[in-house]
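Working notes, beginning with the structure itself.
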Amino acid sequence: MKKISLFIFGAFVLASCNKEPKFNIKGTVSDAEGKMLYLEASGIEGVEALDSVKLKSDGEFSFKQVRPESPEFYRLRIDEKVINFSVDSTENLDLKAKYGDFSTGYTITGSENCAKIKELTLMQIDLQNKIDGLVKDAQRNKITNDVFQDSVSDMISKYKDKVKTKYIFAAPNMTYAYFALFQRIGDYYAFDPMNSKEDIRCFQAVATSLTNAYPNAVRTKNLYNVVIKGLKNTRPAKQKTLQIPINKISEAGLIDIDLKDVQGVSRKLSQLKGKVVLLDFVVYQSQASAEHNLNLRELYNKYASKGLQIYQVSLDADEHYWKTVTDKLPWICVRDEDGAESRYIPLYNIKNVPTLFLINKNNELNSRFESLKNIESGLQKLL
């Protein structure tokens, strides 16, 4: 009798475990017969595959997963086409899409957050297309570099103002407000809490709401840490009395820099003697960085074979972001973990970023520039 009771109890426990709250997303994707549809989780550490199905002629699909304890993000993917959505208290979502415009032409019902995420996605795509158009115009010399920079800056500023007003400050407790914080323009985030006090306010608003509702959630803690780092990075730099290493200036002809690259290897500026070096102090998460590196790559591609080397010093506080971006760059990229309090800032009298220096083949500082404009003629003389 005891054995039977234990068996029944065990079966009851197993049944209870299988009744965890689930969320369900179902629907149809037309014109996609034979295609694989993937359900993936978009976590802080990256994307994780959860389930998949091979679509039949009717395009119907249905995925069920354990509902997260706090709001989380997921995505549906066919080939490289992606639909982002979120799940909080929602249990059932219904999606209709076509393969051709899978990422933009879909409809999703059952969640206000998911509808707003689609709005934000379409806005971001529209902005990216406009910026890409300006890039092509600049490359074809249809517009000047100054016009390009001003136009891009104005577009991004207006975009951020709209997103802040309509999506973040209007409802910081909503999942789509969190989604808005991490939208990208090219390889860079539109909102830059590591270098903009105004952008930190956006992160603070959402972090406060998340802390009230989900104090122990991983995303809450991560957002809180971002705010703390941003506040530290944007606070006024402490005034320091530094002794300039005169011996290094006299021996090498410049103030040497010794920082680690992405692989953790120490890279000294003075070791590049024999090359013409473009020393570049930057913040990768600044709005101007994408366009700056685009122009820098053109210069590098043109003169690297003639003896040019670029030594780029990052003052970013976010190490992970720096590693992600620099992984694609062909020149020497190092980072000072002290960020805005780097000892090299007063030594090189850095007032703005980017700030650039040309160093001749004898390791001697030759000239200083606040932008890449007019730097090519000076570079040609040194090569």
Provide, as a two-decimal number, the C-alpha radius of gyration of region 119-234 over 2.2 N^0.38 Å, N being how many residues it has. 1.19
Just by accessible area at a 1.4 angstrom probe, what is the order of His292, His320 from largest to smallest? His320, His292
Using the alpha carbons of region 164-230, what is the convex hull volume per residue in cubic angstrom, as a whole number? 79
Once R0 is set to 51 Å, what does the formula 1/(1 + (r/R0)^6) return for the Cβ-Cβ distance between Asn352 and Thr104, expressed as a FRET efficiency to the nearest 0.05? 0.85
Rounded to whole angstroms and listed largest first, the alpha-carbon spread of region 184-223 along its three principal axes comes to 31, 19, 12
Tilt relative to the chain, helix 2-17 - C-alpha long axis, 0 to 90 degrees, to 10: 50
Gain in length, Glu198 to Thr211, computed as 0.36 nm per residue apart minus the alpha-carbon separation, to one decimal in nm? 2.7 nm
Point-to-point label distance, Glu20-Glu376, nm (Cα→Cβ direction, 7 Å offset): 5.8
Put a dot 7 Å past each Cα toward the Cβ at Arg235 and Lys130; how far apart are the dots in nm? 3.7
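Which of the peptides 364-372, 109-117, 268-276 is most tightly packed, and how do the rest follow, judged by the mean count of other Cβ atoms within 10 Å per residue? List each step's numbers first, then the result.
Details: 364-372: 15.2, 109-117: 19.0, 268-276: 17.2.
Most protected by this proxy first, the peptides run 109-117, 268-276, 364-372.
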Sequence-distant or interchain residues sharing an amide H contact under 5 Å with Arg67, placed H: which? Lys22, Phe23
Label model pair Val66, Glu48: point-to-point distance (7 angstrom along the Cα→beta-carbon line) in nm is 1.0
Selection from Tyr106, Leu269, Val66 lying farthest towards where the dipole of the chain points positive, charges on Cβ: Leu269
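With all distinct Cα pairs included, what does the Kirkwood hydrodynamic radius of region 22-108 come out to in Å, to one decimal, could you say? If you can, show how the numbers build up before the last one.
Values: mean 1/r = 0.0769 Å⁻¹.
That comes to 13.0 Å for region 22-108.
The values are calculated or read from the model by the stated rules, or taken from the named source; none is laboratory data. Because the structure is predicted, anything quoted here is derived from the model rather than measured. Note that we place each Cβ from the backbone using ideal geometry, even for glycine, and neighbour counts take in every protein chain shown. Heavy atoms of the whole protein, side chains included, go into the accessibility calculation; ligands, DNA and RNA do not. Shrake-Rupley method; radii C 1.70, N 1.55, O 1.52, S 1.80 Å.
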